[in-house]
1. When the convex hull of the C-alpha atoms of region 154-231 is computed, what volume per residue in Å³ does it have?
2. Excluding same-chain residues fewer than 8 positions from residue 35, which lysines have a Cα within less than 23 Å of its Cα?
3. Relative contact order for region 269-348 using alpha-carbon pairs under 8 Å, separation at least 6, rounded to a whole percent?
4. In terms of Cα to Cα distance under 22 Å, which lysines are near enough to residue 344, apart from those fewer than 8 places away along the same chain?
5. Separation between the residue 602 and residue 722 pseudo-spin-labels, each 7 Å from Cα along Cα→Cβ, expressed in nm?
6. Figure the gain on full extension for residue 140 and residue 108 (residue separation times 0.36 nm, minus the Cα-Cα span) and round it to one decimal in nm.
7. Which distance in nm do the two modelled labels at residue 643 and residue 271 give, with both placed 7 Å along the Cα-to-Cβ direction?
8. Distance from a point 7 Å along Cα→Cβ of residue 579 to each backbone N in region 489-515: keep the residues under 19 Å and list them by number.
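Rule-based calculations on the coordinates, nothing more; no lab input. Predicted model, so just to flag it, every value in this text is computed and none were measured. Every residue, glycine among them, receives a Cβ derived from its backbone with ideal geometry; neighbour counts consider all protein chains shown.
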Amino acid sequence: MNRYVWQSPALLLGVALSVSAVHICGAQAASSATKTLLDKAHTLESRGRMDMAAQTWQQVLLAEPNNTEALGGLARAAKLAGNDTLANTYLQRLRSINPNDPGITKAEQTTSQNSQNAQLQRAGKLAGQGNYAEAMTIYRQTFGQQPPSGDWALAYYETAAATADGKQHATAGLRALAEKYPLDARYQVALGRILTYDPRTRAEGRRYLQRHPDNAEAKDALRLSAEWDTRKSGGPYPSVASAPSPLQLAYTALNAKRFEDAQTRFQGILAREPKNARALAGLGYVRMNQQNFSGAISYLEQAKAEGFHDAALDRNLESSRFFYVLDEGGAALSQNDLTLAEQKYREALRMRQGSPEALLGLGGTLLKAGQAKAAVLVMRQTIEAAPVLQGYRGLFVADYESGDPAAALETERAFPAAIRAQLLRDPEYLRTLASAYSDVGREQEAQRVLRSALDLPFPANGSGMKAETRLQYADLLLRANRNDQAAGLYRQVLAEDAKNVLAWQGLINAEHAMQNDTAGLQSIESMPPAVYDQALRDPGFLSVVAAVYQANGKLDLAQSLLDRAVAARRSSGQVVSPAVQTQLAGLYLQRNEAAQAIPIYQNVLHEHPDRMDAQRGLLSAMHALGRDQEAGAQIQQIPPTVRAQLENNADYLQVAAGIYAALGQKRLAQAHVERVKRSYALQHAQPPVSVDIQNAWLLYNSTNDTELYTQLLSLGSRSDLTDDQRR
């Protein structure tokens, strides 16, 4: 994955505004920083990344508002984007600084991207067909006598050098670029190659080429120049025909990784010779480097059909097919289509058994689908195939998600020291590590890990960071119960990209964790329909949305989503998690369908007797149906450690009080109600109406009229009773 370092505009501005005591040093630092940024912008523009170049020029203007090179660049960028109004704004600023600045003419000659591209593609085709004069006519119409630096300058000058009177202009232009950008090897290599066309300048050209011994294009040019030395020529200059053929030039561009130039040249050859097998193969290689594997397969298969048989072509065709399937798996995974993703990754493994890329994709798919135990096996195979960081992280997360945090910690301790050191800078890994420590009761270590995770370099508000990084940080905040901060980061990501599925899921999780289900419902209803559908393919998120609907009284919607979550897991052969089962039973209980809730609770407790929510729910369902004898017996069957924890839970105490009262054990019932009231008093909170009503019934049945009178007076003064409760 490519990474970049965020450069703070404030830092650049701070350098430019150094105090007078260090004015000279400050000015030098500012100049150095500006030059670095301008060089970066040049490189980006030459690679066709005008959007990123514009961002860099904006950083320059923060430090030097009147920098003419940055203003000219931004004017060109606006022109290319078709925004003439913005371009004129920059040009006016440029004219006010220097009316004769060459950047003005350069920007004014820039045409919109679509129009320019069409013309330049035509010029490239003409050059590829050997029609250099016609191609130069278009290049001059587009760029004048001075093309923009980068790939188009190379195409312009190489084409000019192939015309009868353009060599002097081409070499002069390339010399200027080589001098201005000494670290960009392309200009020196192109200049050296053109100089080798003429025996009188061949030695000078070789000197340029020999400066770059590792450059494939320079090596080819040196080899060709050696061949020309052995040829007999009737004059002091080689003819245009003695220059490399269009196919050679196309492959030279390909080997030099000038893919747009190579594409234009190959397309030009195919426009004249549609069945040229080597050109078809070349265009296939270009598509491979562009990560367009579907296009690569098409062109490479055409090349084979036209009779081009080569071991390298066969290898590249096999690679294209493999990576095409791998890309399909990645696309399905990003769309939460886990069934298709698994199919594609397994297909990729059949094509390349033991492929780390395919194993890693399959392991990630199984993990996301809740098949953690299967994911553990796949992640172990991944590490055996290639000890990559993602494999180790995936293995640890899969071990933890399998439900055995102690085993996950043992796995983590066995990791190589270098891998562990890298993982300690990985937010996702640290979040899971903190959860594992917490689950085994090592809370201090859990908090230590969370603190170290939250201390990772991160700007105060996430400004300038990639969305992926902000989402990882937000997940950490969510794990640390800093839900409000997490929600803020999720909203920040959504402000930039309203279709970010992970940000929507995180925001709604955070709002639900803060028990702000009203806001959660508003967020759900604000999701774009396509994003909502995609997000609901995640069974875990399905249950969160169902909980939000349930909290807002939308029980039918909650029921349909939970049924969908259960059906999705069962149809793919997965076990329905105890959390989802308990949630579904709770919904039945809320809908006064306690008879349907009981078997679900019993099924959960058969496998997980330590789940307090299921124990409490089962007792509530039995009491609601008047099955208090069974409920009393169930209380006795609760494991002692779980029961000790339940004794501190107000909801459980209230249910138990109702059961004991129904069984005629009034003193035990009263004691439980008193404990409920004490727990609320310790929190300085008023008990729910249901607690006071329950207490009143107990006092009534025990004929304690004095305390009953006091309780009824208290109830009568409350404004939060429903009509049924007041009756």
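1. Convex hull of Cα atoms, per residue: 84 Å³.
2. The qualifying lysines are 106, 180.
3. That works out to 23 percent.
4. Of all the lysines, those that pass the test against residue 344 - Cα under 22 Å, at least 8 places apart if same chain - are 368, 373.
5. 2.8 nm
6. Net length gain for the segment: 10.1 nm.
7. 8.7 nm
8. 502-515
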